[in-house]
Every structure is written in C-alpha cells, then in structure tokens.
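Enquirer: Questions regarding the structure given below will be posed in turn.
Values quoted throughout were computed directly from the atomic coordinates according to the rules given, and no laboratory measurement underlies them. Just so we're clear, the structure is a prediction, and the values are computed from it rather than from any experiment. Backbone-built Cβ (ideal geometry, glycine too); neighbour counts: all protein chains shown.
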C-alpha cells in the first residue's frame, strides 16, 4: 500500500466508494454539510483521544456533534481511536462510528492536517507509522509548535503506564472490568435521561475517588512531565488515562485531552496559542437547558477550562 495513495483508508465508510471527476476520492467527500444553526468555532489545533470506536461505551454521536462544531488547521487523534482489543472479541460498528470516520476523512480532505498517534488499543496500526491513509498521517508521536512558540510532545501515553508495559495480562483483565463498568454507566444514564437529567459518568466519578487510581494518575502525569523535560520540550499532550487535565509540573505544562467514553472532552488551541479543555457533555447540557429557558434568559458560558 503506497503512502501516497489517497484511496487507501482502511476504516469503514458510510457510503459506497465511487470516484468523482475531480479525482479518485469518494463522492461523499464533496457533498455539502447540512446547514447548522450554530456558527462553527475556529481553532488552530484540536486534540482528541480514547474514542474507542468499536465499543458500546464510545460516545460517537456526541463526538460527531463536536466534530461538526468547529474548523481547525490541525487535528490530532491521540491514540485509542479504534479499539482493536474489543473488535477482536466481537464486531460492533454502528452507523455513528462510521460517521466519526467520515467526519475525520472529510476534514483531512478539506485541508485540516490530521495526525493519528497510535495507542495501545489500536496498536495494530503501529507498523504503518510514517504512512498516510486518506490524508491521515500515522505516527507513534508528534511535535506540535503552538502559535506562541511552545514546543509540545504529543504521545498517547501508554509507554508510561507500568501496567500496560510490564503486565500486559493485567491490562487486559482491567479492560474487562472497565467494560463492565461502562455498561453500568449506560444503564445509569438511560435512567437519568428518562428523568430529564444530563449525561454523567459513573466510571469517571469512581476513578476520581479511589485512592489507588488517584495515585496512579499522579504518577503517570509526573512520568510524562519528566519525559518532556528530559527531551527539551515545553509541554506534553497525551490521553490514555481518560482524565482531562491541564496543570504545571515543574517547568512543564501537562495536557491530557481526556476521552470520548467517560468525560467527552477535547483539548483546543486558539490562534494566539492559548490552550483549553472543552467539556462537550457540559456544552450539550448547557444548550439543552438554554433551549428550555425563556428567550430572554442569558445563554450559558462555554464549557472551557483554560490555562
């Protein structure tokens, strides 16, 4: 498979591939998007990770809503986008997962630089690092220069997880328990939806309150900050642990873009270089609440945590 072949994208697509007189690309890439009622935000860069397409816990519809809401010069997919571990055990790929793939490919076709950093759940793609598929660059890590001149290392983060690195069997066992917890999460939120309550993550709530999990997160963050400092970077962007965070560790700024299974968060950079975490579940809840308020009520502030 040639890295220059624009038809070599491996994920499923939502419509049959036909060629266009404008080039050897699917016709659906040229179809206009439906007119939205919200103006699109314009970011310089966006980072998302841990989407876990191919699992029932993936919040694909919410991610599609987010992908439709912005335009960006750079889109980094920071690992675990497709969950190969889960797909090996059984096929699960609804239409919403196709739509995520379509939105990413369409962004790449329209000029967004899209870089997919390989994680542990999509490790089968590691052998293709350095290639480009459908305009999406595959890499094991990347370097990002912010608009204000900071050099950031972009990596999924699994290399700094001792469980994944040294006890792979334990990682798979933990993945099974995590899957059960996410199924419970689905039931909890189905009940909350009937009661008119917004999305809430049981798994994220428990993770924040279990002492060992909190200590693991702290150790993980310190390890990545040390790696960035050792290699002369100003900061590091990662995913893997499903905990969105921006904090300063020594001289290093640590960024974690979160996930699209529990928290539904992304990391964004504006054209001045300012970085922020966007909490899309809060954003959606705010819009729904505003829709139920009288027209004179003020709109809620955007759900962004900036540094």
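Enquirer: Work out how much length residue 74 to residue 40 would gain on full extension: take 0.36 nm times their residue separation and subtract the Cα-Cα distance, in nm to one decimal.
Expert: Answer, rounded to one decimal: 10.7 nm.
Enquirer: On a full-extension model of 0.36 nm per residue, what is the gain between residue 28 and residue 274, subtracting their alpha-carbon distance, rounded to one decimal in nm?
Expert: That pair, residue 28 and residue 274, stretches by 85.1 nm at full extension.
Enquirer: Quick one: 221, 71, 141, fewest Cβ neighbours within 10 Å first, how do they rank?
Expert: The order, fewest Cβ neighbours first, is 71, 141, 221.
Enquirer: Based on the Cβ-Cβ distance from residue 113 to residue 289, what FRET efficiency comes out when R0 is 41 Å, to the nearest 0.05?
Expert: 0.70
Enquirer: Using 7 Å Cα-to-Cβ label points, what is the residue 194/residue 61 separation (nm, one decimal)?
Expert: Once both label points are built, they end up 1.7 nm from each other.
Enquirer: Follow-up question, since we're still on this one. Tell me, what is the FRET efficiency for residue 147 and residue 231 to the nearest 0.05, using R0 = 22 angstrom and their Cβ-Cβ distance as r?
Expert: For residue 147 and residue 231, the calculated efficiency is 0.55.
Enquirer: How high is the FRET efficiency between residue 140 and residue 92 when r is their beta carbon distance and R₀ equals 35 Å, given to the nearest 0.05?
Expert: Efficiency, from the Cβ-Cβ distance: 0.85.
Enquirer: Treat the count of other C-beta atoms within 10 Å as a stand-in for reagent exposure and order 127, 257 from fewest to most.
Expert: Fewest-to-most ranking of 127, 257: 127, 257.
Enquirer: Let me ask something else. Looking at the stretch 76-164 only, what percent of DSSP beta bridges run antiparallel? Nearest 5 please.
Expert: 45 percent
Enquirer: Next question. Could you order peptides 78-84, 280-286 by the average number of other Cβ atoms within 10 Å of their residues, highest first?
Expert: Per-residue mean Cβ counts within 10 Å order the peptides as 78-84, 280-286.
Enquirer: Cut-off is 10 Å between beta-carbons; in what order do 255, 92 appear when sorted fewest neighbours first?
Expert: Taking fewest neighbouring Cβ atoms as first place, the list is 92, 255.
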